[in-house]
Ligand code: SF4
C-alpha cells in the first residue's frame, strides 16, 4: 500500500472547476511529480528476460566484435586480443573505480547510491574532460568480464545500490555484454545504466539491446567545428543523433517505480558550455522534434575548465615562453596582463553563466520538453 506521501503525489491535481485526467495532465504542463504514463508497478531488468539462445547469440557477437573492432565510429578494425585501437583498451577492461556513487541524478542514486563502474580509456578526447586522468590514459586495474561481473554482485550485495552504472563504456561494449550475462548467472537483479558520451556505433547499441535498462547519453555539442576542436571528433553530432534515436527505440522515455527510482528509459544530459549556448538550443530543439517531447532531460550547469583548458600553450613553454614573456603591442606599448597570457581553449576557460543555462532551458520548454531533472522542492525525488 502506498504511503500517504505517495498517494497524494499520485492524485491528479485539481484546478478550479475541473479535475485533470492523468492522460492530459502532462500536456497542460502543470507541475507534476508523478506522471502516470511513466509509472511502473514493478520492474524486471531486461537481461533477466533473455532466453538462453538469445544469450548465446550475444556472446558470439561480442567475441566477434572484439576480434575485429569497429564498435565505435573510430572504426579501428583491430583484433583486440592482440593489439589496441584509439581507445587504448584490449580484450580485458581497465577499471579505475567501483563504488556506490552519489553524484548522479536523484532518481539514479536514490538513498544508497548508483553502483558505478568507472572505466579507464575513452574513444573521445574532449579537451575539457572532467575525468581526463582516467579517460585519456590507462589508469586502473585490468580485469576480465567475469571479474567485472563479480564486482556488480558486490555492489548489489554489499553496497545495496539501486543499479549498475557503467560510466564511459563505449569502448568496452563487448566486455560489458559478457559481464552482464555472467552476472545474471551469479544472481544480479539490478537494472543496468549505460552512461555514455553518445559516440557509439549502431552496432554497439544493437549489441546492448536486451541488456541495458537505462541509457544515460550526453549530447555534448552541435556544430562540426566545435566537435573537431573540443572533442577531437569530426562527426560527433551526427553519431550522437543516430545513437540516441536507437537508444530511445529500445527503451523509450524514462519510467519510474513508485519509490522514485528510474528503472527504464532514456535520461539525456546536456552540459551547457560557456559561449556555446546556441548549440545547446539546437540540441534541445532536435530532441523535442525528432525523438520525444517526453524525453527526461538534465540541462546541466556544472561546467568547469578542466584537462587542457586554461593550460599554457605549448608554443609559450620553455625558451619560447621566455621570449614571449615581455611582449609588446602595436605602437610599442607593453602588453596588458591578459594579452601576455597565452592559454589553450581560452574561449571556454570560465564557468558557464546561469543566464546561459537558463536560455537553453527556456528554449527546451518552448520546444515542448517538460520532464527535467530539477532539484525536488518537496525534498524527495522528482519523477
Ligand atoms: S572501441 Fe576502441 S578499438 Fe574499437 S573502434 Fe572504437 S576506439 Fe577503435
task: Inspect region 264-273 for any residue being over 15 Å from the mean Cα position of the chain (by Cα) and either in a helix (DSSP H, G or I) or closer than 16 Å to residue 194 by Cα (or both) and give the result as yes or no.
output: no
- request: Give 98, 89, 53 a once-over and let me know the one that is in contact with a helix residue (DSSP H, G or I) (Cβ under 7 Å, 6 or more places away or on another chain) and away from the ligand (no atom under 16 Å from the Cβ).
  value: 98
field: The lone exception for residue 215 - which of (1) within 20 Å of residue 65 (Cα to Cα); (2) at pLDDT 95 or above; (3) buried (at least 18 other Cβ atoms within 10 Å of the Cβ) it fails
entry: (1)
- request: Would you confirm whether any residue within region 183-195 is crowded, with 24+ Cβ neighbours inside 10 Å, farther than 15 Å from residue 48 by Cα and either within 16 Å of the ligand (Cβ to nearest atom) or modelled with pLDDT of 95 or more (or both)?
  value: yes
message: Among the residues of region 143-155, are any over 30 Å from residue 348 (Cα atoms), within 16 Å of the ligand (Cβ to nearest atom) and modelled with pLDDT of 95 or more?
response: yes
message: Against the definition (in contact (Cβ under 8 Å) with a residue 60 or more places away in the chain, in contact with a helix residue (DSSP H, G or I) (Cβ under 6 Å, 6 or more places away or on another chain) and surrounded by fewer than 22 Cβ atoms within 10 Å (Cβ to Cβ)), how does residue 173 come out, yes or no?
response: no
- request: State the number of residues belonging to region 347-369 that are over 10 Å from residue 274 (Cβ atoms) and in contact with a helix residue (DSSP H, G or I) (Cβ under 6 Å, 6 or more places away or on another chain).
  value: 7
- prompt: Scanning for something away from the ligand (no atom under 12 Å from the Cβ) and farther than 20 Å from residue 145 by Cα, does region 58-78 turn up at least one residue?
  reply: no
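The values are calculated or read from the model by the stated rules, or taken from the named source; none is laboratory data. Fair warning: this is a prediction, and the values are worked out from it, not measured in the lab. Note that each Cβ is placed from the backbone with ideal geometry, even for glycine, and that neighbours are counted across all protein chains shown.
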